[in-house]
1. Leaving ligands, DNA and RNA out of it, work out the accessible area of Trp281 with a 1.4 Å probe and give it in Å² to the nearest 10.
2. Stretch Leu31-Glu363 to full length: gain in nm at 0.36 nm per residue minus the Cα-Cα span?
3. Determine the distance separating the Cα centre of region 317-363 from the Cα centre of region 261-286; give it in Å without decimals.
4. Set the Förster radius R0 to 60 Å, insert the Cβ-Cβ distance between Gln595 and Lys497 as r into 1/(1 + (r/R0)^6), and round the FRET efficiency to 0.05.
5. Given the Cα-Cα distance of Leu613 and Gln183 and 0.36 nm per residue of separation, how much length would full extension add, in nm?
6. What figure in square angstrom, to the nearest 10, would you give for the accessible area of Glu78 with a 1.4 Å probe?
7. Can you pull the accessible area of His625 for me, 1.4 Å probe, Å² to the nearest 10?
8. Under the rule of at least 5 residues apart or a separate chain, name every residue whose amide H is placed under 5 Å from the amide H of Trp420.
Amino acid sequence: MCMEAKVSIKRQTKEKRQSSFLSNLVTHSELIAALTSGVLILMAWLLSTSDQGTLSVTFFVLAYVIGGFAKAKEGIEETIENKELNVEMLMIFAAIGAAIIGYWAEGAMLIFIFALSGALETYTMNKSNREITALMEMQPQEATRIINGNEEIVSVTDLRIGDQILVKPGERVPSDGTIVSGQTTIDQAAITGESVPVLKRIGMEVFAGTVNMKGAITVEITKTSEETLFQKIIQLVQSAQNEKSPSQLFIEKFEGLYVKLVLTFVALMMFLPHYVLGWSWTETFYRAMILLVVASPCALVASITPASLSAISNGARKGMLFKGGVHLERLAHLKAIAFDKTGTLTKGAPEVTDVIVRSSMSEDEFLVKIGSIERQSNHPLAQAIVHYVRGEKELQLVQPDSLEDVPGWGVIGSVGNQSWKIGKADFVGKELVEHFEDNVAAKLAEEGKTIVYAKDDEGIVGLIALKDIVREEAIAAIEQLKELGVYTIMLTGDSEKTAEAISKETHVNDYIAECLPENKVEHIKHLKTKYETVSMVGDGINDAPALATSHVGVAMGEGTDVALETADIVLMKNDLSRIAEAVKLSKRMNRIVKQNVIFSISVIVLLICSNFLQILDMPFGVIGHEGSTILVILNGLRLLK
């Protein structure tokens with residue numbers, strides 16, 4: 001390597017380190033200011049014990065300014081903007097009041113602990129923001145676009161729908177699209193949570209932020225960078241942080257009224273005890289200042305926000321995206337939950353479950369012929385059969401001699417000069433179907449399976465049964481919800497027989513078949529009249545009205561854009577067991593919030609009574625009040641785990 005290159009690399013490394021250092025400095029600025037304030041207080045106290053009074057006061061003033069600047073600025077700006085006093089202003093008044101009566105150390109300690117509690121709240125917010133930062137870092141900034149056979153590096157924001165890009169092994173996919181050339185395995189853990197890389201062939205969809213593990217592929221862009229599933233995840237996390245829970249909104253409204261009441265009582269406390277109780281003016285003013293300190297609702301205000309943000313951050317890390325604290329808080333009261341079937345309780349795509357062939361033909365020969373004919377069709381059942389023959393059985397297909405599509409019934413094709421009819425029972429002959437293998441088709445139909453029949457000149461050759469397979473985690477998820485006392489019901493547009501079979505397999509309490517979108521809405525409305533809180537889980541466009549009607553709408557991460565936008569919670573890993581986990585997280589958050597509220601109110605009442613009885617001094621008032629604030633924040637931070 002040449003000297004210039006080495007110098008360039010060293011310079012870039014140094015710049016990165018400097019940038020990282022400055023970034024960390026800004027992130028932890030509140031904590032640094034609080035700790036600096038603490039050091040200055042210690043120095044001031046040491047100077048005060050050595051008869052350096054003037055110098056001691058100077059250090060106390062510095063501690064006031066450095067430790068209290070951030071909160072004072074925040075309090076003044078909010079007061080001007082909202083035209084209403086707040087907790088931060090109370091703290092400023094209390095610290096100034098302590099200094100006026102000569103309690104410099106206590107006032108400085110008040111500022112220090114208040115600044116420290118503020119730094120802890122900021123840490124909680126930053127912790128939640130890191131979930132977004134980690135996601136954003138997975139999004140590539142550049143892509144290799146192919147134009148007329150030539151490759152060019154462009155910004156991801158410059159990609160347009162229809163552009164073709166090259167994704168090499170080891171690279172992240174820049175934007176959502178469809179593979180038009182090549183075959184590879186994709187690590188989709190960032191999007192779906194699947195631990196095993198997924199095989200991707202031509203025509204299959206790939207998502208931005210996922211990793212191409214093996215072969216080079218050419219992808220045709222289907223969504224711009226702003227519309228990708230990955231960007232939707234980021235937007236959901238951001239909106240969740242900004243939306244406040246009902247408890248939080250109540251506390252914020254209560255805060256303004258409470259501050260006015262405290263200031264009114266402090267004003268009365270400045271002269272009433274002197275005339276009514278015979279206190280000296282010094283004692284009266286001193287007790288008024290202690291009241292100003294201990295009656296401030298800092299701990300009460302900090303009881304909810306850190307807990308809510310911690311819970312939202314916890315959920316995001318596990319693939320549960322809450323669009324706001326209101327939805328998380330409401331989930332604790334869940335009493336009934338309705339599930340869509342296709343794509344929610346089931347995988348949403350038919351899979352071959354049974355292959356039955358007459359004795360005169362081998363199963364492999366049957367599959368090759370039926371697969372060769374069906375590969376010309378775009379019907380989902382035909383594609384599922386072809387996928388089974390090629391993928392699971394690894395059989396080689398041949399080119400059919402002829403093919404005729406019969407819409408609504410099936411196909412007629414020939415392979416090796418042998419003509420076949422493939423399709424419904426009525427298409428191949430209902431009587432022949434009933435006599436084939438002792439009417440085995442009837443038993444398969446009772447299990448909720450769809451059957452494709454094949455007939456040649458001699459009669460029924462065989463049949464293939466397909467079923468929309470129930471998700472592996474669905475049964476466990478339903479049982480977990482039942483244990484929590486939640487009533488479960490399945491709403492589906494499928495036939496009564498299919499719905500009954502799937503409901504038995506998944507263990508839901510009840511099911512309703514042949515539901516149109518408007519029927520689902522009516523059933524959700526009916527559930528809302530019976531149960532306190534009702535949730536709907538779905539993934540399709542037809543589920544959107546029901547998702548919006550329910551108290552808490554839950555969308556599968558692989559669902560349609562409409563479902564994702566309508567829902568209140570998104571399961572990015574399509575793991576239904578996360579719903580029960582979300583309910584437990586919600587209950588845990590509400591329990592911690594209640595603990596915090598009861599504790600903070602109790603401390604405030606105790607300190608006020610102790611002050612009125614003249615048994616509480618300023619130092620203990622400061623420690624009791626601000627200590628309780630730190631304790632409730634730390635209690636809320638437990639939800640991060």
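The values are calculated or read from the model by the stated rules, or taken from the named source; none is laboratory data. Everything quoted here is computed from the prediction, not taken from an experiment. Here the Cβ is made from the backbone with ideal geometry for all residues, glycine too, and neighbour counts use every protein chain on show. Accessible surface areas use protein heavy atoms only, side chains included; no ligands, DNA or RNA. Shrake-Rupley method; radii C 1.70, N 1.55, O 1.52, S 1.80 Å.
1. We get 130 Å² for Trp281.
2. Computed gain between Leu31 and Glu363 is 112.4 nm.
3. 66
4. E between Gln595 and Lys497, to the nearest 0.05, is 0.75.
5. Value of the extension gain: 146.8 nm.
6. Only protein atoms counted, so the area is about 70 Å².
7. Around 0 Å² of this residue is reachable by solvent.
8. Gly413, Ser414, Val415
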